Amino acid sequence: MIRTWARGGRCAGAARARRIFVFVLPGLWVLGVVAWELCLPTDGQLLQLLAAAPAIACAGTGRRQCVLLGGVCALIALVPLGEAAPSAGPLTRAMTCGAILAVICASYLTAGRRLRLVRELERTREVAAAAQRVVLRPLPPRIDGVALAAGHLSASEGAAVGGDLYEVVGTPHGVRAVIGDVRGHGLEAIGTVAAMLGSFREVAHEEPELGGVLRRLERSHQRHLRERARAEHSVAGGGETSGPVGALAEEFVTVLLVEVARDGSVTALNCGHPWPYRIGGRAVAPVAPADPLPPLGLFPLPDELTAVCCGQLGPGEGLFLHTDGAADARDATGEFFPLTQELRSSVAGPTARPVASPSGVVEDVRKALLRHADGRLTDDVALLMLCNDRLRVPAQPSPARHAGPDCVEAGRAD
């Protein structure tokens, strides 16, 4: 799927050419055999190759073409071509015709089973796609005055969900967003992703402070690891276990929690995740107001958790969040993906839009990332952009949003 996105029209053209080639190949095969027999008679021995034509047609175009072309080949095998030698009598031609009919029957049955398997695979893909949309559900274009867009690329070909997670919800406390990266990538990390997202969707509405949300996420992660350890331990023939064991003890999740209040002020809590970029007009600047905490699962959270102030988003200003798969992607020469440069090109380049839209920025970065890596990603990538789409109105700042000794104010993107 990723490679198809990367190559786009080139893949579509190549697929169309392959379909045309497979469609005409059986006919070319029959014409070649008949022409050879007419020009250079082989006493009917070459006509035995006609049995391959229905098999080729069945494999490439379907059962109907297989039967039609096979019937034509069977009739050709019964007709003497050129000067018939004594060895190429009616019995030989009848045996060749019988062989072709046997190939038709076998190919017909094989194609029927293949068609059933293809339909079953399509249904399985539909079910898998629906399940993946539930885990990493599509985001609406706007939540409580905040325009947003997200994109995800999985390192596992054919999968829409991997080891990265994101979610945005509107709560009475503001618009809250989470983006994270589970240790590992691909399908094996989906269980942890589902556990973290399910917990966030619930606690984001209940906890008044981001610190409470983060502690609930930590407890959910530990509970998920204990359940996995218990299940794997019981399958291995052991007894009950009270905590993560073996390799599960090293499982961790990087998490970035962001809250955008109604007045545009932004607070965040970061556990080992890359800090976002602030996009204001045509300016792009990284936001790094404080050192991040360790990832969830490696060390316990500190007793005091105070959200970090990341400034205030004016109308049209936004935050671009990403996982480390975007910054760590490499091309064929080993060069890292220039994320900062691509963001600036998206909002300030010659093809930039008059007003930077979240969907436009995310799409520009996604396309540039796939071009840079040639569609071959070694890690999952999640992209998320939040933009303050509210009108500029006077707002009374909340005392909890004032920068204090425990609240670091991030610089603006000037």
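The values are calculated or read from the model by the stated rules, or taken from the named source; none is laboratory data. Since this is a predicted model, take the numbers as computed values, not measurements. Note that each Cβ is placed from the backbone with ideal geometry, even for glycine, and that neighbours are counted across all protein chains shown.
Here are the numbers for this structure:
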{"item": "Set ALA84, ALA74, ALA14: member being at pLDDT below 70 and in contact with a Gly (Cβ under 9 Å, 6 or more places away or on another chain)", "result": "ALA84"}
{"item": "Those residues of the stretch 192-221 which are touching a Lys or Arg at 6+ places or on another chain (Cβ under 7 Å), of a type outside the set (Val, Ile, Thr) and surrounded by fewer than 22 Cβ atoms within 10 Å (Cβ to Cβ), in sequence order", "result": "SER199, GLU207"}
{"item": "Checklist (1) assigned to a loop (DSSP other than H, G, I, E, B); (2) of a type in the set (S, T, N, Q); (3) at pLDDT below 60 applied to THR4, failing item", "result": "(1)"}
{"item": "Residue match in the stretch 146-154 (condition: assigned to a helix (DSSP H, G or I), in contact with a Cys (Cβ under 7 Å, 6 or more places away or on another chain) and of a type outside the set (D, E, K, R))", "result": "no"}
{"item": "The stretch 156-182, subset outside any strand (DSSP E or B) and crowded, with 21+ Cβ neighbours inside 10 Å, residue modelled with the highest pLDDT", "result": "GLY163"}
{"item": "Residue selected from the stretch 130-143 under the condition exposed (fewer than 13 other Cβ atoms within 10 Å of the Cβ) and among the aliphatic types (A, V, I, L, M), by the criterion nearest to ARG201 (Cα to Cα)", "result": "VAL134"}
{"item": "Cβ-Cβ under 7 Å pairs, at least 6 apart or on other chains, the stretch 273-302 side at pLDDT 90 or above, far side basic (Lys, Arg)", "result": "ARG278/ARG412; VAL284/ARG344; ALA285/ARG278; VAL287/ARG278; LEU301/ARG215"}
